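All of the numbers you see were taken from the coordinates with simple rules; none came from a lab. What you see is a predicted model, and the numbers here were worked out from it, not measured in a lab. No Cβ is skipped: glycine too gets one built from the backbone with ideal geometry, and neighbour counts run over all protein chains shown.
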Amino acid sequence: MRMTLIEERKRRNLTRREVSDDVGLAEITIRKIEENKRNPSVKTAKTLSIYYGKTLDELFPDIFLLPSDTKRIKSKKAKKPEAS
């Protein structure tokens, strides 16, 4: 479930039908996106982002949030051969 998306709709006391009418999508599309059974296209994600006044990563962190792991792989230095 995409809780932020659902919470924003409920906070505004809107039904899925009202949202679908407002943004020009089918009600079943809104339901599937909210239930994470379907990913929105970039265009649909942007439309919902503008509609709710939230960023893409706030509404769809599973799609648009970059991983916060900033560790980098340390290169292993080549071992110098020992002198005989």
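For the reader, a short list of remarks on this structure follows.
- Note on the stretch 12-54: residues that are under 19 Å from the mean Cα position of the chain (by Cα), in contact (Cβ under 8 Å) with a residue 24 or more places away in the chain, surrounded by fewer than 17 Cβ atoms within 10 Å (Cβ to Cβ) and assigned to a helix (DSSP H, G or I) total 3.
- Among residues of the stretch 55-67, those that are surrounded by 16 or more Cβ atoms within 10 Å (Cβ to Cβ) and assigned to a helix (DSSP H, G or I), counted: 2
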